[in-house]
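Here's the structure, in structure tokens; my notes come after.
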Amino acid sequence: MKKYVCISIHDKVEASGNDYNKGFRKCKSEELAQEIEEACIAYDEQGYDVLSILPIVQGQHIMVSNDGGWANSVTEGVIITFKEK
């Protein structure tokens, strides 16, 4: 058995928006949470503890104007690190 195992859960974004903002993307948080739970249970049964869960973030919507600028990001997934018990 490995001492550490890392897995990634990704592609958990979907396009949404309206006529003004058609390119907005949001995290499918319920689906992501379910997959995190399933992975944690599966690796616990294999003899691992969760060491860390790190978000995978992608940027989007950069706007620059005379009075400043703004941007935002969306969580695309996570990297989970497990450690042998």
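The values are calculated or read from the model by the stated rules, or taken from the named source; none is laboratory data. Owing to the predicted nature of the structure, the values given are computational and were not obtained by experimental measurement. In this analysis, Cβ positions are derived from the backbone assuming ideal geometry, glycine residues included, and neighbour counts consider all displayed protein chains.
Taking the stretch 15-33, which residues are modelled with pLDDT under 85 and either aliphatic (A, V, I, L, M) or farther than 21 Å from Ile53 by Cα (or both)?
Correct list: Ala15, Ser16, Gly17, Asn18, Asp19, Tyr20, Asn21, Lys22, Gly23, Phe24, Arg25.
Filter the stretch 1-10 down to the residues that are surrounded by 11 or more Cβ atoms within 10 Å (Cβ to Cβ) and either at pLDDT below 95 or of a type in the set (Val, Ile, Thr) (or both) and list them by number.
Selection gives Val5, Ile7, Ile9, His10.
Mind telling me which of the residues Ile80, Ile36 ends up being in a helix (DSSP H, G or I), modelled with pLDDT of 85 or more and either under 18 Å from the mean Cα position of the chain (by Cα) or not hydroxyl-bearing (Ser, Thr, Tyr) (or both)?
Every option except Ile36 fails the conditions.
So Asp49 clears everything in (1) modelled with pLDDT of 85 or more; (2) under 17 Å from the mean Cα position of the chain (by Cα); (3) part of a strand (DSSP E or B) except one condition, right? Which one?
The number of the failed condition is (2).
Search the stretch 52-72 for residues being among the polar types (S, T, N, Q) and under 27 Å from Val5 (Cα atoms), and hand back the single one that is modelled with the lowest pLDDT.
Filtering first and then ranking leaves Gln58.
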